[in-house]
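Undergrad: Here you go, one structure.
The values are calculated or read from the model by the stated rules, or taken from the named source; none is laboratory data. Since the structure is predicted, the reported quantities are computational estimates derived from the model, not experimental observations. Cβ: placed from backbone, ideal geometry, glycine included. Neighbour counts: every protein chain shown. The protein model used for the area step is the full one, side chains on, heavy atoms only, and it has no ligands, DNA or RNA in it. Shrake-Rupley method; radii C 1.70, N 1.55, O 1.52, S 1.80 Å.
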Amino acid sequence: MELLSGNEAIARGAWEAGATIGVAYPGTPSTETMESFATYDGVYAEWCTNEKVAVEVGMGASAAGARVLATMKHVGVNVAADPLLTAAYTGVNGGFVILAADDPGMYSSQNEQDSHFYALAAHIPSLDPSDSAEALEFARQAFEVSERFDVPVMIRSTVRVSHTKTPVEVGERKNVELKPYEKDPSKWVMMPAYAKPRRKVQLVRDEQLRAWTETCSLNRVEKKGSDIGVICAGAAYQHVVEALPEASVLKLGVTWPLPKALVEEFAASVEKLYVVEEGSEYLTGQVKSLGVAVSEFPSGLPKDGELSPGLVKRAFGFEVPEHAETPDDVPGRPPALCAGCPHRLVFKELSRIKAIVTGDIGCYTLGALPPLASMDTCLDMGASVSMSHGFELALSGTEHRPVVAVIGDSTFGHSGLSSLITTVYNRGAGTVCILDNRTTAMTGRQGNPFNGVTLQKRESRELDLVGVLEALGIDNVSLVNPHDMKEVRNALKVATKDQADELSVIVFKAPCVLLHRERKPYYFVNGDCRACGVCASLGCPAISREPETNLASIDPSQCIGCGQCAQYCGFAAIEQMPASSMGGAR
Ligand SMILES: Cc1ncc(C[n+]2csc(CCOP(=O)(O)OP(=O)(O)O)c2C)c(N)n1
């Protein structure tokens, strides 16, 4: 017995099922799945540049006969949707299982969406584990289902299942031979002449899958009282059994397709049938589409965010004590860029020049929050570069503020590069800032093409970012130290003023502080502080202001000695401790 998170259990299940190839792009709450899979013997696992590429690499390996695990967060499935929906036509050779990890409540995502709809759209089975033991078992079975029905299979998890640790009975690895690959264009070449018959194959397979779900062990009825029956799956199941111990439950392990006869039989066995699900009406719609009546909740179930046992109880009209209100005097603790983060000065300088900043997704999205507050937009990965091009197109011929895109190195590799090619190709203008902190920091410091670190630490090569930009034919490319205020200011001035009508790209290159936490002597505020607040406007968590006097102070336990703040002080009131003071000082 082991204590595993849902993500670790999916990795274990895939390994036990004999999967040999793992492909992924990181994204919360899916990331640890591939990190864990990569640690097993006999597997090859890699980070791909994005989720579409991951699914395509995975489908290549599946066609070649290997069992493959692909993992991504829900928005990653959007990126991968193109190959996924057609992979559902080709089918597989070796089993192909894709983890779609959803984030109801948006703990670390830009939206909440229900990946079930992709299973429905693609006609691929979707399996919803409710805890880690099921995560392992479902992953193991997913590979069998994939090969038996010649179809990619989705495991749909949510943050609660992916990140909660529960006990798991682990098993042995099954030795699965590479299946022979045979050339068969009618299966693998999806052009209209071959795709039309494959669509028919898909429809026949739908019926076979429907028949399978009726008896499949992943669905089960827990019969209790006959007043209330609840259909649920995944994390919602745990909330339902805790909130409504008397209710009968149809726990769906397979959420597409639904077992029609089983649902009808269950509905007939209870007075009132409810469907409890998180942040979506996918399951409700599916049950209704079978012609089964679904009751309205007496008090309504939230349509957004994560559920909890209390919310489920309340939906059924039970009194549940409210959480105590947070007292007014509790200080807010909004997320902030780390002390010493190399992204900080770029945002400070962008707000100084009042640029229109099209942002992107990564740690640097925090540049949108006060006091930096210098980001205008953030949509999806790669959008900074394409949206800045759009701004420039719409504003051309007008007097306008400089338009600047800000994107991280991993995000640039993910999809920013193809956006930039669009700008170059169409002779667009504007400034693109690539914040190259040598890692994919936001999701836990994974490798990416621009730092050349691979998932299993295999030998690689670091892509030369400046070389890539120059090879695209961009004339104005500069490499800047983001900790140096004057360098940052000057580079932005040149790009946004002197080269205002051209495209320029500035690479701000310095490692994330969490990669190289150098112990430099910390800074302190001397008696010359005039309480002007400029240093505090950098939003460094080490800097605060005294309540009565507004004088600045620096917390030595947080300061890492980057010296960014000292460059902004007009009164020489920020000084660095001498190096000799370092011994055990903090
Ligand atoms: C389509 C998609 N895939 C994955 C993610 C998860 N994610 C958010 S930011 C990010 C990468 C951030 O790395 P980088 O651009 O290098 O910026 P940093 O955090 O290092 O500043 C990832 C993978 C996402 N939000 N959307």
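Undergrad: Evaluate E = 1/(1 + (r/R0)^6) for Ile353 and Thr398, where r is the Cβ-Cβ distance and R0 equals 30 Å; express this FRET efficiency to the nearest 0.05. It would help to have the intermediate numbers written out before the result.
TA: Working: r = 18 Å, r/R0 = 0.59.
Using R0 = 30 Å, I get an efficiency of 0.95.
Undergrad: May I ask what percent, to the nearest 5, of DSSP beta bridges between residues of region 462-586 are antiparallel?
TA: Values: 6 of 11 bridges.
In region 462-586, approximately 55 percent of DSSP beta bridges are antiparallel ones.
Undergrad: Expressed as a fraction of 2.2 N^0.38 Å, the rule-of-thumb size for a compact globular protein of N residues, what is the C-alpha radius of gyration of the chain?
TA: Numbers: Rg = 26.9 Å, N = 586, 2.2 N^0.38 = 24.8 Å.
That works out to 1.08 for the chain.
Undergrad: Percent antiparallel among DSSP beta bridges with both residues in region 2-215, to the nearest 5? Provide the component values of the computation, followed by the final result.
TA: Values: 4 of 26 bridges.
So the antiparallel bridges in region 2-215 amount to around 15 percent.
Undergrad: Could you estimate the translational diffusion coefficient of region 523-582 from the Stokes-Einstein equation, with Rh from the Kirkwood formula over C-alpha pairs, at 10 °C and 1.306 mPa s, in whole µm²/s? Don't skip to the end; give the middle numbers.
TA: Details: Rh = 11.5 Å.
Rounded, D is 138 µm²/s.
Undergrad: Any chance you could check the Cα centroid distance between region 438-469 and region 518-576 for me, in angstrom?
TA: Value for the Cα centre distance between the two parts: 33 Å.
Undergrad: Per DSSP H run of n ≥ 4, the term is -39500 (n - 2.57); total these for the chain, divide by its residue number, and report the mean residue ellipticity at 222 nm rounded to 500 deg cm²/dmol.
TA: Details: 18 runs with 187 residues, N = 586.
Result for the chain: -9500 deg cm²/dmol, rounded to the nearest 500.
Undergrad: Quick one: which of 267-279, 380-392, 139-151 comes out on top by average Cβ neighbours within 10 Å, and what's the full order, highest first? Provide the component values of the computation, followed by the final result.
TA: Details: 267-279: 20.2, 380-392: 24.0, 139-151: 22.2.
Packing order, densest peptide first, comes out as 380-392, 139-151, 267-279.
Undergrad: Still on this model: I'd like the accessible area for Asp131, computed on protein heavy atoms only with a 1.4 Å probe and all protein chains in place. Round to 10 Å², please.
TA: Roll a 1.4 Å probe over it and Asp131 shows about 50 Å².
Undergrad: Express the carbon and sulfur contribution to the solvent-accessible surface of region 220-315 as a percent, rounded to the nearest whole number, probe 1.4 angstrom. Before the final figure, lay out the partial values.
TA: Working: 1880 of 3830 Å².
In region 220-315, the share of accessible area belonging to carbon and sulfur is 49 percent.
Undergrad: Residues in region 502-524, backbone N under 13 Å from the label point at Ala572 (7 Å along the Cα-to-beta-carbon vector): list them, ranges by number please.
TA: Nothing falls inside the zone, counting backbone N under 13 Å.
Undergrad: From Cα coordinates alone, what are the radius of gyration and Dmax values for region 190-302 in angstrom?
TA: Reported Rg and Dmax, both Å: 16.1, 55.
Undergrad: Same structure again: With an 8 Å Cα cut-off and a minimum separation of 6 or more residues, compute the relative contact order for region 530-576 in percent.
TA: Details: 53 pairs, mean separation 15.7, N = 47.
Rounded, it is 33 percent for region 530-576.
Undergrad: Let me ask something else. Please give the FRET efficiency for Lys493 paired with Val320, using the beta carbon to beta carbon distance and R0 = 51 Å, rounded to the nearest 0.05.
TA: Values: r = 58 Å, r/R0 = 1.13.
Efficiency for this residue pair is about 0.35.
Undergrad: Another question about this same structure. Work out how much length Arg220 to Ser553 would gain on full extension: take 0.36 nm times their residue separation and subtract the Cα-Cα distance, in nm to one decimal.
TA: Values: separation 333, 0.36 × 333 = 119.88 nm, distance 6.05 nm.
Contour length minus the Cα-Cα distance gives 113.8 nm.
Undergrad: Please give the peptides 439-452, 200-213 ranked by average Cβ packing (other Cβ atoms within 10 Å per residue), highest first, as a rough proxy for protection.
TA: Details: 439-452: 21.1, 200-213: 14.9.
Ranking the peptides 439-452, 200-213 by packing returns 439-452, 200-213.
Undergrad: Taking each pair of distinct Cα atoms in region 344-509 once, what is the resulting Kirkwood hydrodynamic radius in Å? The partial results should precede the final answer.
TA: Values: mean 1/r = 0.0637 Å⁻¹.
When all Cα pairs of region 344-509 are included, the Kirkwood radius is 15.7 Å.
Undergrad: Given R₀ = 51 Å, FRET efficiency for Lys457-Lys303 by Cβ-Cβ distance, to 0.05? Working shown, then result.
TA: Details: r = 44 Å, r/R0 = 0.86.
So, using R0 = 51 Å, E works out to roughly 0.70.
Undergrad: Kindly report the accessible area of the chain per residue (heavy atoms of protein chains, probe 1.4 Å, no ligands, DNA or RNA), in Å². Spell out each step's value before the answer.
TA: Values: 25700 Å² over 586 residues.
Value for the chain: 44 Å² per residue.
Undergrad: Counting only protein heavy atoms and a 1.4 Å probe, tell me what percentage of region 80-191's accessible area is made up of carbon and sulfur. Don't jump to the answer; show the numbers that get you there.
TA: Values: 2360 of 4470 Å².
C and S fraction of accessible area: 53 percent.
Undergrad: How far apart, in nm, are two points set 7 Å out from the Cα along the Cα-to-Cβ line at Val201 and at Glu281?
TA: Taking the two extended label points, one gets 3.7 nm.
Undergrad: Sticking with this one: Could you calculate, for region 198-242, the ratio of the Cα radius of gyration to the Kirkwood radius, expressed as Rg to Rh?
TA: With Rh from the inverse mean 1/r over Cα pairs, Rg/Rh is 1.16.
Undergrad: Can you give the translational diffusion coefficient of region 93-242 in µm²/s, computed by Stokes-Einstein from the Kirkwood radius over Cα pairs at 37 °C and 0.692 mPa s? Please list the in-between numbers first.
TA: On the way: Rh = 17.6 Å.
In µm²/s, the coefficient rounds to 186.
Undergrad: Next question, about the same structure. Take the alpha carbon atoms of region 329-401, find their radius of gyration, then divide it by 2.2 N^0.38 Å using N residues; give the quotient. Mind showing how you got there, number by number?
TA: Numbers: Rg = 13.9 Å, N = 73, 2.2 N^0.38 = 11.2 Å.
Output field value: 1.24.
Undergrad: Let me ask something else about it. Please report the spacing between the Cα centers of region 306-372 and region 19-52 in Å, no decimals.
TA: 29
Undergrad: Here's something else I'd like to know. Find out how many positive minus negative residues lie around Gly291, taking Lys and Arg as positive, Asp and Glu as negative, among other residues whose Cβ is under 9 Å from that of Gly291.
TA: On the way: positive: Lys260, Lys288; negative: Glu264.
Charge balance in the 9 Å sphere: +1.
Undergrad: Please report Rg over Rh for region 2-215, where both radii come from the alpha carbon positions and Rh follows the Kirkwood definition.
TA: On the way: Rg = 15.9 Å, Rh = 16.8 Å.
Ratio of gyration radius to Kirkwood radius: 0.95.
Undergrad: May I ask for the Kirkwood hydrodynamic radius of region 232-380, worked out over all distinct Cα pairs and given in angstroms to one decimal? Walk me through the numbers before you get to the answer.
TA: Values: mean 1/r = 0.0517 Å⁻¹.
Radius from the Kirkwood sum: 19.3 Å.
Undergrad: A follow-up question, please. For the chain, what proportion of DSSP beta bridges, expressed in % and rounded to the nearest 5, is antiparallel? All intermediate terms of the calculation are to be shown ahead of the outcome.
TA: Details: 16 of 67 bridges.
DSSP beta bridges in the chain are roughly 25 percent antiparallel.
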